[in-house]
Amino acid sequence: MDVTDIGNKEEGKVWQRKPAPGKSVLVTVVRTAQQAKTVRFLHVTFDTTGDSFLAGDHHGNIYVFDISRNRFRLVQKTGQACTALAFSLRRTTEFLVALADYTIKCFDKDTKQLVSWMRGHEGAVSSISVHSSGRYAITTSSDTAQLWDLDTFQRKRKLNIKQSVGIQRVFFLPLSNTILSCFSDDSIFAWESDTLFCKYQLPVPDCGPKISYKAFAVTRDGKSFAAGGRSNLLHLFCLDSRQLIRVIQMPTQVRTVRQLEFLPDSFDGGASQTLGVLSQDGVMRFINIHTCKLLFHMGSHDDAITTVAVSPNGRHVVAIMDNGSINVYSVQSLTQELNKPPPSKVAVVSGDGADQDLSNLNVKVRSDVVQRPAKSSGRRPQVKILRPPAGSTAEDKENELPAGLNKKRLVAMLKAFGEYPAKYRMFVWRSLLCLPENHAAYSSLTDKGLHSAYLTLHDKYPIKSHKLQRGLQRVLSAFAHWAAIFGEVEYLPLVAFPFVKLFQNNPMLCFEVVATVIVNWGQHWFEYFPNPPLNILSMAENVLAHHDKELLQHLVDCGITSQLYVWPLLETLFSEVLTRDEWLRLFDNIFSNHPSFLLMACVAYITCCREPLLLCSQKQDFEYFFHHRNNLDLGAMIKEAYRLMGSTPADIHPRTMLSDFTPLTKGQYPVFNNYPEFIVEYQSREREKIRLQEMEYLRERQEVSALRADFLRRQADEEAYYAQQELLQKAEEQRRNILAQEEEKLTQQRAKLAAMKRELKVKELQLLDATKRRFLKHQQDLRASQVQRLDQEISRKMDLRERETAAAVQDLEVRQMELEAQRRRLEQHLFKEQERMGREVEEEMEIRMRKAEREEERYTELLHSTETNMQGLEESLAEACQLGLDSNWQREVAERLQQVEAEQERKRERLAELHRQTLAEEERLADTMRDVAGRKWDEVMSSRAQLQEQQQQPLSSADTDGHKQTGIRTLCLTRGLPHRPIATTAVGTNTAGQAVRLNSPTTPKQAGTNLCLNSSSPSESTSTDFSLDRGRAQLDSSERQLLKEIRELRQKLAARAREGSSASSQSVHTLS
């Protein structure tokens, strides 16, 4: 085996020495990197020519191996492992690579440039399928399949599926626009690639084990489709009929199918017959899908195969081995054993003298059956080709058979070899019997269904194979529909069975072969129906009497007639006494001779077995002998039959009484009426009558059986009912006795229970009394703790309210100071803005006045120069020019004044906008202050109401109440907080929010009921403490004062602006 290590080479030779002819493995390619580590190859694919292939390794290197040129080269380094490879069919230099990052890249192998980069998959891409036109490609991952346009490298369609159902493979069918999609639930759909319309779904058998398809293959013509999976079964579909046509069972060593590949042939037109099956053991077995025979295999358990690729021309197979290397196989070497010619069946007889001429005379038959004899070690034998005489044209026409065969040559070959080749036997039989293959006529017979005479065939002739049983039943029913007698003949299944077993895959040929046998070799069999054909048996007996009188006399002496020693052979067509191979050899000779040869074969069988027959004397021995296999030399029997055919006198020869061979007519089968019709009709009527009577008897028997079953059922029900009633009575008596005993026990228990209840009641009352006292004590403790907690809560809330009120007053004061500072900043800003505007106006006026002065000076200078230089001009012209200049100057001044007025107007608008913004800010500020003051006031009022509710509770004495009230009031006045007395009072407020004072001083008692927020305790000093209402009044008054000052300031600014504008206008008029 030639091993090539490409290492880190970028190009080189695939093999160093040309592989020797006959070697199955041409070369093994390995790649070792640094430190002698082997880099595994992952995927391979062939181009359209089949002479070169791509290979991608684990490091992301892509190589092209050209087998015809013995060269390889590195075409791309992707940097990551590839998951699928495919050639572009339109642009042969481009190829597609699916990478581990879920993307697909297109490279050019000649320029090594990146052509396109396609993204869109969310999982690893497992396969790439390119349309035969090269326009489209389908990439498949476990969750989706995407259709790409290879001209624009844009995604056209995307196949989304349910998460629970995965995708196994999606690919284009060859020579069509059909997309085949295979899913993990074993469903297979076909889609139109242009419209994505679902064309059909392939049927998957429901019965049997689930295969779980994993591997798929399609022939090059797109007509056959194979699928396999987790089983040793392969399903073969016909895509034209869209049906499952065959289930192939692999050997027991195959448990799982990993990959399927059809092996193309140059002369099969794309309909490949050889299928490669790669199984879990790493061995790829190639089988014939029609004969289901194992042809050859690749790999072994020690040298297992991981994946393979088959070249389109069928010359090479590239396999990636389990160790990561690549093996290149030659298909011609693998199939060398199959293509060998069969060994020669021509025996060369060597001798001396006169026999030398005969020994050198061999026969060469021009057909596909027998090859030339193999070369011998001695002198090459002389070969003579048999040719018919020139004058025998009519005889040659008679011997011509369909499909270009010649009967005379076939008979010569049969005599030379004793049988036809097994490979071509069926073909030769069809030619010898001139089968018409009337498909329509046979279909019309089978469409009539099963004949009533053979509905119960399995009862009389049980067959282990159900397929063979159904085939025999269909063929016999077709015969019964063809002629009525075949529904009455009892031995017809014995005649047809060997042919049904031989042609079980083609029932029409089986029917026509059996019909031809009955019409020609079964002549006159039905003339004495229902008795055996006595005339045919008499012919055989006459021949036996002529050739072996002793044996015939022995049979007569034993009381054995021809019905016992000839008819069993005829009605079974020797199928009981011969093996399969012997039977086939015999019928090779029967079909190649006159119909009388069958009778001669019967006589020859008897004469060849004369010794054991002469020893038999009992009838049972003879019956056993002619119904079982015996030790017999079939070659000698056939020679004896040929001897009898040639040596029997013409007066007793069956040839004179039997007609020559007549094939079946084309189009329609001939009418068969060589039987006594009245007997057949009578038997059929009687059979139908018996059948009806039997059906009636069965119906009545069924009814009687049903009545008897019903009677027995009722009788059993009645007996069971009485037995059940008796048992129920006994059980009732037992239950009554048990109930009486239980009632007595229950009375005693009730008395004990009443005494226990009284004791428990007394204990319960004692416990309730103790619990009640304990609960009352607990309630008292709980109330005391609650009162204490309430006092603590009241004091805590009072302190909290005081701190919040003080913080609110401080916040209001700070806010007032902030408003004052803001007002001052606003005034300063307005003053600065006014001063800036005034300065700008004054500067503008000064600039304009200087400009006017400069223009006036220039004008004066111009006039002076004009008077000096133009003294000759008239005074009227000078005045006109002066007037024109004045008018222009006035117009310019007027335009400038308009601009100044427009600028002043814009400034006034800006001031008005600032004024509006200031007003809005002031309003928001006032609203905020009011909201804060209102919330504070509401909180104070709520706290006062809570305090009043707490004070309304009954206390022990009035002095204590007065003391608490005085203390609270004093605390409130000291802190500057509002206080509401215990009694309900009406406190009035004016519109400005100030509290109304009392008109006259009151006693302390009256002060407890009529004191307002601004009142003070008479026991304290006369200094006034301001409340929250007074603070609100002060804030309102300061706010109004601030607004008033702002309005006055705005009026002053507006007056100043008007004065400035009037002053500027006066100065302009002065200048003019």
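The values are calculated or read from the model by the stated rules, or taken from the named source; none is laboratory data. Worth saying up front: this structure is predicted, and the values here are computed from it rather than measured. Glycine gets a Cβ as well: all are built from the backbone with ideal geometry, and neighbour counts include every protein chain shown. In case anyone asks, the SASA skips ligands and DNA or RNA and just uses the protein heavy atoms, side chains included. Shrake-Rupley method; radii C 1.70, N 1.55, O 1.52, S 1.80 Å.
Starting from the 7 Å offset along Cα-to-Cβ, what nm value, one decimal, do you get for the label separation of T579 and F672? Modelled inter-label distance: 3.2 nm.
Inter-label distance, N535 to K210: 6.6 nm, where each label sits 7 Å from its Cα along the C-beta direction. Think of a 1.4 Å ball rolled over the protein heavy atoms: the range 12-79 then has 49 Å² of accessible area per residue.
Compactness check for the range 742-891: Cα Rg over 2.2 N^0.38 Å is 3.83.
Compared with the alpha-carbon gap, the fully stretched path from A412 to Q618 is longer by 69.9 nm at 0.36 nm per residue. Using Cα centres only, tell me the gap between the range 22-97 and the range 779-829 in whole Å. Distance between centres, Cα-based: 88 Å.
Computed over every Cα-Cα pair of the range 708-813 and binned at 5 Å starting from 0, the pair-distance distribution P(r) comes out as 2, 8, 6, 6, 6, 5, 6, 5, 5, 5, 5, 5, 4, 4, 4, 4, 4, 4, 4, 3, 2, 2, 1, 0 percent. Here the range 559-646 exposes an accessible surface that is 48 percent carbon and sulfur, computed with a 1.4 Å probe and the other protein chains kept in place. In this structure, R69 and T38 have a Cβ-Cβ separation that, at R0 = 25 Å, corresponds to a calculated FRET efficiency of about 0.45. Ordered from largest to smallest accessible area (heavy atoms of protein chains, 1.4 Å probe), the residues V125, V44 come out as V44, V125. At R0 = 51 Å, how high is the FRET efficiency between E843 and V932 if r is their beta carbon distance? Nearest 0.05 is fine. It comes to 0.60.
What's the center-to-center distance, using Cα atoms, between the range 164-192 and the range 536-552 in Å? Answer, in whole Å: 70. Roughly speaking, what % of Cα-Cα pairs in the range 525-579 are separated by over 16 Å, rounded to a whole number? Across the range 525-579, Cα pairs with separations above 16 Å total 47 percent.
Across the range 149-189, the mean sequence separation of Cα contacts (distance under 8 Å, 6 or more residues apart), normalised by length, yields a relative contact order of 28 percent.
Beyond 25 Å, how much of the Cα-Cα pair distribution for the range 620-773 remains, as a whole percent? I get 80 percent for the Cα pairs in the range 620-773 exceeding 25 Å.
For A894 and A806, what does the FRET efficiency come to when R0 = 51 Å and r is the distance between their Cβ atoms, rounded to the nearest 0.05? Computed FRET efficiency for A894 and A806: 0.15. Largest first, the residues H554, H829 sort by 1.4 Å accessible area into H829, H554. Take every Cα-Cα pair in the range 25-75 and report what % of them are more than 12 Å apart. The answer is 67 percent, as a whole percent.
Counting Lys and Arg as +1 and Asp and Glu as -1 over every other residue whose Cβ lies under 13 Å from the Cβ of H59, the net charge comes to +3. Ligands, DNA and RNA are left out, and with a 1.4 angstrom probe the accessible area of the range 217-304 is 46 Å² per residue. Figure note: M798, M657, M284 ranked by solvent-accessible area, largest first, 1.4 Å probe, ligands and nucleic acids not counted: M657, M798, M284.
Measuring only protein heavy atoms, the 1.4 Å probe finds S126 accessible over about 70 Å².
Fully extending the segment from R255 to M941 would add 237.7 nm, taking 0.36 nm per residue of separation and subtracting the current Cα-Cα distance. For the range 538-655, the orientation-averaged shadow of the C-alpha convex hull comes to 6.5 nm² (one quarter of the hull surface). How much accessible surface area, in Å² rounded to 10, belongs to the heavy atoms of T456 with a 1.4 Å probe? That residue has around 80 Å² of solvent-accessible surface. Computed over protein heavy atoms with a 1.4 Å probe, the accessible surface of the range 552-666 works out to 44 Å² per residue. Between S452 and E835, the contour length at 0.36 nm per residue exceeds the Cα-Cα span by 124.9 nm. The string of couplings for the range 176-184 from the Karplus curve (6.51, -1.76, 1.60, θ = phi - 60°) is 7, 9, 9, 10, 10, 10, 10, 10, 6 Hz, one whole number per residue in order, with x for Gly and Pro. Measuring between alpha carbons in the structure, the pairs from K423/K666; K156/K223; K797/K936 lying more than 21 angstrom apart are K423/K666; K156/K223.
For I463, tell me the accessible area in Å² from a 1.4 Å probe, rounded to the nearest 10. The accessible area of I463 comes to roughly 40 Å². Distance between the modelled labels on R135 and Q724, one decimal in nanometres: 8.0 nm (7 Å Cα→Cβ projection).
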